[in-house]
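Chemist: Sharing a structure, written as structure tokens. Questions coming.
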Amino acid sequence: MQRTLVLGGRVIDPSQGLDGRRELVLSGGRVEALCRPGAPVARPRQGDRVLCAQGLWVVPGLVDVHVHLREPGQTRAEGVAAGTAAAAAGGFTTVVCMPNTRPVLDRPEVVRRLRGAIARRARVRVVVAAALSLGLEGREASDLEALAAAGAGALSDDGRGTGSGAVLAQALSRGARLGLAVLVHAEDHRLSAGGVLRAGPVARRLGLPGQPASAEAARVARDLGLLARAGGRLHLQHLSTARSVRLVRAAKRAGLPVTCEATPHHLCLDERDVLAGAGPGGPDTNLKMNPPLGRPADRQALLEALADGTVDAIATDHAPHPRAAKAQGFLRAPFGILGLETALPLTLGLVRAGVIDLRRAVALLTCGPARALGLPAGTLAPGAAADVCVLDARLAWRLTPGQVRSRSRNTPFMGVPLLGRAVYTLVGGRVVHSLEATR
């Protein structure tokens with residue numbers, strides 16, 4: 001059996017409290033050994049494949065619990081093959097795909113067909129999050145047991161939010177019996193009311209309808225109350241307001257089993273960037289996302305929550321859209337931006353800025369999201385899946401349209417100077433991305 005040796009690198013694995021020079025030995029799709037330099041098991045044998053990681057960092061394969069692959073039904077924007085190629089290029093080895101597809105992933109036969117496409121075309125591991133309500137309309141629960149039997153690995157209402165508290169309570173209690181986490185998009189549509197920016201001075205200055213911060217925070221409060229009564233495991237997606245952060249922090253201190261994520265764009269940008277990027281035709285639609293970019297105080301609250309452990313994961317909410325869709329102007333353009341290929345350097349930028357330390361940054365991209373959803377990922381412990389990201393933290397680069405693996409190009413970080421990039425990504429010990437091969 002061929003082994004793969006990753007030699008000479010600095011191994012950073014927060015799941016084991018490890019940061020130091022180690023040699024990584026992979027065999028049979030698993031981690032065989034993680035040993036100190038010079039250990040006999042890491043000496044190359046005939047037939048071994050050796051990856052030189054001298055001067056590089058070796059971390060568990062990154063985990064993204066919030067990705068839109070747009071399959072089925074929207075493959076002009078993305079698709080399993082392109083989306084997982086983008087994931088591999090970004091250092092991700094496991095992604096969780098959302099159910100707001102066409103048709104919605106609310107029936108077992110649709111989930112099975114998607115899992116078949118994943119088996120044929122995916123470069124990385126894909127966990128399917130099925131719709132917790134029929135049509136994602138929030139009025140009637142899906143057949144969660146049938147969806148689990150078809151291979152769903154999580155439940156979500158992403159893209160819509162669950163209007164009925166009774167439906168969400170059902171999903172929490174039934175999901176707990178099935179061992180499935182429930183991922184929720186916290187938005188009260190009665191309050192957001194078609195807003196495309198965060199309500200406040202920037203929206204008023206640009207003459208665009210705004211979403212109040214309460215549209216998110218009120219739904220977070222409701223969902224935490226349902227969790228306290230119904231039990232289960234709740235994961236709150238893409239938090240963006242200071243009030244939401246305070247609610248989650250208090251809930252955790254009270255012992256509720258809640259986890260949450262923040263996106264790189266909500267951590268690195270705020271509403272001032274929308275104003276700065278506005279031209280004669282209006283703001284850049286690549287800065288239109290839901291939830292909208294927050295006030296500076298919201299961004300600061302999220303950064304503090306990264307540091308104090310309130311936020312469990314950095315997740316991209318990778319949301320591809322064709323160029324024509326994003327060219328319709330800020331009011332009509334769809335929400336969402338790409339995220340898989342830029343998440344790693346943007347997170348490392350938070351380390352350089354002193355927001356979080358390196359071990360915390362790696363945890364937020366590996367064992368943090370894996371633990372939040374109960375996924376067998378995010379670690380290099382012996383016996384674990386041989387899912388690895390080897391990265392060059394000093395590599396300066398810019399994302400260009402020709403480099404993007406996604407089918408879409410909707411990102412505000414196109415052409416922006418970035419620092420840090422995946423050099424090799426391995427899934428089950430197999431190299432699925434090599435930066436050298438793309439140059």
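A quick yes/no check of all residues on (1) in the same structural domain as residue 318 (by TED's automatic domain parsing); (2) outside any loop (DSSP other than H, G, I, E, B); (3) of a type in the set (Asp, Glu):
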residue: 360; (1), (2), (3): yes, yes, no
residue: 369; (1), (2), (3): yes, yes, no
residue: 391; (1), (2), (3): no, yes, no
residue: 415; (1), (2), (3): no, no, no
residue: 418; (1), (2), (3): no, yes, no
residue: 425; (1), (2), (3): no, yes, no
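Chemist: Please work out which residue is nearest to the chain's Cα centre (by Cα), limiting yourself to the stretch 139-173 and to residues that are at positive phi and surrounded by 20 or more Cβ atoms within 10 Å (Cβ to Cβ).
Modeler: First, the residues of the stretch 139-173 that are at positive phi: 151, 159, 161.
Checking the rest, the ones that are also surrounded by 20 or more Cβ atoms within 10 Å (Cβ to Cβ) come to 159, 161.
On the way: 159: 14, 161: 18 Å.
Within the stretch 139-173, the match that is nearest to the chain's Cα centre (by Cα) is 159.
Chemist: Return the residues of the stretch 267-298 that are more than 24 Å from residue 217 (Cα to Cα) and either touching a strand residue (DSSP E or B) at 6+ places or on another chain (Cβ under 6 Å) or buried (at least 20 other Cβ atoms within 10 Å of the Cβ) (or both); say none if nothing qualifies.
Modeler: Once the filter is applied, which keeps residues that are more than 24 Å from residue 217 (Cα to Cα) and either touching a strand residue (DSSP E or B) at 6+ places or on another chain (Cβ under 6 Å) or buried (at least 20 other Cβ atoms within 10 Å of the Cβ) (or both), the stretch 267-298 yields 283, 285, 286.
Chemist: Are any of the residues in the stretch 283-301 polar (S, T, N, Q), in a loop (DSSP other than H, G, I, E, B) and touching a Phe, Trp or Tyr at 6+ places or on another chain (Cβ under 8 Å)? I'd like the intermediate steps shown before the answer.
Modeler: In the first step, residues of the stretch 283-301 are kept if they are polar (S, T, N, Q); the result is 285-286, 290, 300.
Filter once more, so that each one left must be in a loop (DSSP other than H, G, I, E, B): 290.
Narrowing the set further to residues that are touching a Phe, Trp or Tyr at 6+ places or on another chain (Cβ under 8 Å) leaves 290.
Yes - at least one qualifying residue is present in the stretch 283-301.
Every residue, every condition in (1) acidic (Asp, Glu); (2) farther than 26 Å from residue 261 by Cα, yes or no:
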{"residue": "384", "(1), (2)": "no, no"}
{"residue": "392", "(1), (2)": "yes, no"}
{"residue": "396", "(1), (2)": "no, yes"}
{"residue": "400", "(1), (2)": "no, yes"}
{"residue": "405", "(1), (2)": "no, no"}
{"residue": "416", "(1), (2)": "no, no"}
{"residue": "423", "(1), (2)": "no, no"}
{"residue": "426", "(1), (2)": "no, no"}
{"residue": "430", "(1), (2)": "no, yes"}
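Chemist: With 418, 399 as the choices, which residue is surrounded by 19 or more Cβ atoms within 10 Å (Cβ to Cβ) and touching a residue at least 60 places away in the same chain (Cβ under 8 Å)? Please lay out each step first, then the result.
Modeler: Values: 399 fails: touching a residue at least 60 places away in the same chain (Cβ under 8 Å).
Selected residue: 418, the only one of 418, 399 that is surrounded by 19 or more Cβ atoms within 10 Å (Cβ to Cβ) and touching a residue at least 60 places away in the same chain (Cβ under 8 Å).
Chemist: Turning to a different aspect of this structure: Do you know which residues across the stretch 150-189 are touching a Lys or Arg at 6+ places or on another chain (Cβ under 9 Å) and in a helix (DSSP H, G or I)?
Modeler: The answer is 165, 167, 168, 169, 172, 175, 176, 189.
Chemist: Do you know which residues across the stretch 32-67 are surrounded by fewer than 21 Cβ atoms within 10 Å (Cβ to Cβ) and in contact with a Cys (Cβ under 7 Å, 6 or more places away or on another chain)?
Modeler: Once the filter is applied, which keeps residues that are surrounded by fewer than 21 Cβ atoms within 10 Å (Cβ to Cβ) and in contact with a Cys (Cβ under 7 Å, 6 or more places away or on another chain), the stretch 32-67 yields only 41.
Chemist: Would you confirm, using the coordinates I've provided, whether residue 386 is in contact with a Ser or Thr (Cβ under 8 Å, 6 or more places away or on another chain) and of a type in the set (Gly, Ala, Ser)?
Modeler: On the way: in contact with a Ser or Thr (Cβ under 8 Å, 6 or more places away or on another chain): yes; of a type in the set (Gly, Ala, Ser): yes.
When the stated conditions are applied, residue 386 passes them.
Chemist: Being in contact (Cβ under 8 Å) with a residue 24 or more places away in the chain, closer than 25 Å to residue 264 by Cβ, among the basic types (Lys, Arg) and buried (at least 24 other Cβ atoms within 10 Å of the Cβ) narrows it down to one of 22, 70, 10, so name that one. I'd like the intermediate steps shown before the answer.
Modeler: Numbers: 22 fails: closer than 25 Å to residue 264 by Cβ; 10 fails: buried (at least 24 other Cβ atoms within 10 Å of the Cβ).
Result of the check over 22, 70, 10: 70.
Chemist: Further, regarding this structure: Only one residue in 104, 128 is aliphatic (A, V, I, L, M), assigned to a strand (DSSP E or B) and surrounded by 18 or more Cβ atoms within 10 Å (Cβ to Cβ). Which one? I'd like the intermediate steps shown before the answer.
Modeler: Details: 104 fails: assigned to a strand (DSSP E or B).
The unique qualifying residue is 128.
Chemist: Being touching an Asp or Glu at 6+ places or on another chain (Cβ under 9 Å) and either free of Cβ contacts under 8 Å to residues at least 24 places away in the same chain or not in a helix (DSSP H, G or I) (or both) is the filter here, so list the residues in the stretch 225-259 that pass it. It would help to see each step written out before you state the result.
Modeler: Kept after step one, since they are touching an Asp or Glu at 6+ places or on another chain (Cβ under 9 Å), are these residues of the stretch 225-259: 234-245, 249, 258-259.
234, 235, 236, 237, 238, 239, 240, 241, 258, 259, listed by residue number.
Chemist: I need the full set of residues from the stretch 178-212 which are surrounded by fewer than 17 Cβ atoms within 10 Å (Cβ to Cβ) and of a type in the set (D, E, K, R), in order please.
Modeler: 190, 204, 205
The values are calculated or read from the model by the stated rules, or taken from the named source; none is laboratory data. Quick caveat: nothing in here was measured; it's all calculated off a predicted structure. Because the Cβ atoms are built from the backbone with ideal geometry, glycine has one as well, and the counts that use them run over all protein chains shown.
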